[in-house]
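The values are calculated or read from the model by the stated rules, or taken from the named source; none is laboratory data. Quick caveat: nothing in here was measured; it's all calculated off a predicted structure. Virtual Cβ from ideal backbone geometry, glycine too; neighbours counted across all protein chains shown. Surface accessibility is based on the protein's heavy atoms, side chains included, excluding ligands, DNA and RNA. Shrake-Rupley method; radii C 1.70, N 1.55, O 1.52, S 1.80 Å.
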Amino acid sequence: MAVRFFAALILAPLLATGVCAASKVTAGGEQAHSLEQIFLELEPLSEHTRRREISTLEAPVELSVFTRLRRSKSNGRQGYSNATLVAGGHCYWVASAAGHSVLDQRYSRLANRDDIEVMLPDGSWANPIEIVGSSNLNWNSHEVDDWALLVLLSPRCAFDDRQQFANPLPHIQSGLLSAEKLEQCASNVQMLCYHFDQERAEGLRMLERDCEMRHRRDEGLGGSTGYISCKVDYGVSGCSPVCVQDGVWLNLGVFSKGLQRHRSNTHPQQVGAFRVIDGEFAEALLTLKKKYGIVTQ
């Protein structure tokens, strides 16, 4: 998981003068300053979040939609991160992931599809048949460009992708999010992620509750960035922050990186950043749904 640092010299004056509410920040000349305000506001709130394991019986959505991604590296090792099944038709899924999780580790470009695998609900692993990323994605991308979508073929349609079934493949409701919808979720964000800091490839899936969110529009980049007080460990890249509304889990986006103070060794990191499903990201998701015959909900 990438980390974005803030210099101590920048933070010190803000700590002395207090923190302004920053739940809705617009693009403009003070945007960089506002990001530090958001960080300072959310950092102490992370002490109030709660993390625990969750059972299938408790979940308002099929837990298998929160899954894992692994990438084969040039050194022969494998790297693990998170992925989410954000759309499902009769034969195809679309999964979301952090853009940096599907980049070739030697170059700032998408990795070969044969080097990427996503775990399906039945526990098997599948290579994507198509990967789409931000037009500005590279190793130095900020969170607004740090997203990718992967198309997966279901094993039940391995020999015929024109089949029709009684129910679509399991997925979490995902689509274009408005600023108003994000405001409604500001105090009700959860993260269900695999954490890979336990020195085991299978990771540990944990639910973190009571996270606060702030968000802002990133000028000229066709999208929004969310910031949350969830405490985040190594390997949670690609996890989807969710908001529970009327008993339904609403997908908010794709987790990108942690934010922390310059030279800080804090672990887990106290504030996380994610790309909201809007702008270029939402358009790419809709395009893939149409291309692979996935009915838009």
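If you scan the range 228-244, which residues turn out to be surrounded by fewer than 24 Cβ atoms within 10 Å (Cβ to Cβ) and in contact with a Phe, Trp or Tyr (Cβ under 9 Å, 6 or more places away or on another chain)?
D233, Y234, G235, C243
Output the residue which, of all residues in the range 24-61 that are open to solvent by less than 30 Å² (accessible area, probe 1.4 Å) and of a type in the set (G, A, S), is modelled with the highest pLDDT.
Restricting to residues being open to solvent by less than 30 Å² (accessible area, probe 1.4 Å) and of a type in the set (G, A, S), the top hit is S46.
Report yes if some residue within the range 195-205 is open to solvent by 10 Å² or more (accessible area, probe 1.4 Å) and farther than 30 Å from G79 by Cα; otherwise report no.
The answer is no, given that none of the residues of the range 195-205 is open to solvent by 10 Å² or more (accessible area, probe 1.4 Å) and farther than 30 Å from G79 by Cα.
Go through the range 60-81 and give me each residue that's free of Cβ contacts under 8 Å to residues at least 60 places away in the same chain and either touching a His at 6+ places or on another chain (Cβ under 8 Å) or part of a loop (DSSP other than H, G, I, E, B) (or both).
Once the filter is applied, which keeps residues that are free of Cβ contacts under 8 Å to residues at least 60 places away in the same chain and either touching a His at 6+ places or on another chain (Cβ under 8 Å) or part of a loop (DSSP other than H, G, I, E, B) (or both), the range 60-81 yields K73, S74, N75, G76, R77.
For the range 81-99, how many residues are farther than 16 Å from F281 by Cα and touching an Asp or Glu at 6+ places or on another chain (Cβ under 9 Å)?
The number of residues fulfilling the criteria is 3.
Look at E219 and say whether it is loosely packed, with under 14 Cβ neighbours inside 10 Å, closer than 23 Å to R51 by Cα, modelled with pLDDT under 90 and not aromatic (F, W, Y). Steps first, answer last, please.
Working: loosely packed, with under 14 Cβ neighbours inside 10 Å: yes; closer than 23 Å to R51 by Cα: no; modelled with pLDDT under 90: yes; not aromatic (F, W, Y): yes.
Answer is no for this residue.
Please specify each residue of the range 125-142 satisfying the condition of being in contact (Cβ under 8 Å) with a residue 60 or more places away in the chain and in contact with a strand residue (DSSP E or B) (Cβ under 9 Å, 6 or more places away or on another chain).
The initial filter retains those residues of the range 125-142 that are in contact (Cβ under 8 Å) with a residue 60 or more places away in the chain, namely 130, 132, 134-136, 142.
Across the range 125-142, the qualifying residues are E130, V132, S134, H142.
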